[in-house]
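S.K.: Please find one structure pasted underneath; my questions will follow.
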Amino acid sequence: MIAYLPMGTDGLVDTAVLDKLSREIDVSGAQTARFVQRFISLWPTRRDAIRSTVEVRDRQRAIEAALSLKTTAEMLGAMPLYELSQSIEQSVRAGDWDGALRRLGDVEELGPRTNAVLADWAGGRL
């Protein structure tokens with residue numbers, strides 16, 4: 001288990017970031033909640049993109065997949081997922097494919113836990 005994988009739900013998502021995003025987009029939070037739901041629904045695609053591109057050592061696509069996840073995770077306040085994506089991106093850029101491959105299990109573990117916290121937040125706003 002690595003440092004960016006908190007055991008509980010605390011620290012998986014900074015809901016203050018989501019609340020701020022809601023205030024900037026819409027007061028009710030409904031649009032932000034839909035954005036969160038879209039992130040959750042796209043999770044299998046994002047997870048599979050990172051996994052497949054790292055496994056076949058497709059540098060450009062692996063970087064793109066990691067950047068996509070990293071950027072969206074940051075927007076949603078999911079900093080452990082952001083840090084994990086950044087770590088994968090850095091490993092790929094450095095040619096450390098073994099390091100990137102080792103982190104794929106962390107993606108499998110952290111994604112669903114993060115999505116559960118995000119779903120709880122979004123649930124009360126739709």
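S.K.: Explain nothing, just compute: Karplus ³J(HN,Hα) = 6.51 cos²θ - 1.76 cosθ + 1.60, θ = phi - 60°, for every residue of the stretch 40-46 in order, whole Hz, x for Gly and Pro.
M.R.: Values, residue by residue: 4, 5, 8, 3, x, 5, 5 Hz.
S.K.: Continuing with the same structure: Which net charge results when you count Lys and Arg as +1 and Asp and Glu as -1 among the other residues whose beta-carbon is under 14 Å from that of TRP97? Walk me through the numbers before you get to the answer.
M.R.: On the way: positive: ARG51, ARG57, ARG59, ARG61, ARG93, ARG102, ARG103; negative: GLU55, ASP58, GLU89, ASP96, ASP98.
It works out to a net charge of +2.
S.K.: Right, another one. For the chain, find the longest principal axis of its Cα atoms and tell me its angle to the long axis of helix 59-75, 0 to 90°, nearest 10.
M.R.: Rounded to the nearest ten degrees, it is 20.
S.K.: Here is a follow-up. Sort 46-52, 74-80 by the packing proxy (mean of other Cβ within 10 Å over each peptide's residues), most packed first.
M.R.: Working: 46-52: 17.4, 74-80: 21.1.
My ranking of the peptides, most packed first, is 74-80, 46-52.
S.K.: Using +1 at the Cβ of each Lys and Arg and -1 at the Cβ of each Asp and Glu in the chain, identify which of ALA100, ALA62, ILE88 lies farthest towards the dipole's positive end.
M.R.: ALA62
S.K.: Of the listed values (1) 89; (2) 151; (3) 116, grab the one calculated as volume of the Cα convex hull per residue in Å³ from the structure here.
M.R.: Read-out from the structure maps to (1).
S.K.: Let me ask something additional. To the nearest 500 deg cm²/dmol, what mean residue ellipticity at 222 nm is calculated for the chain from DSSP H runs of n ≥ 4 alone, each contributing -39,500 (n - 2.57), summed and divided by the residues?
M.R.: Value at 222 nm, helices only: -26000 deg cm²/dmol.
Computed from the coordinates by the stated procedures, all read-outs in this text should not be read as laboratory data. Predicted model, so just to flag it, every value in this text is computed and none were measured. Reconstructed Cβ throughout: ideal geometry from the backbone, glycine too, with neighbour counts over all protein chains shown.
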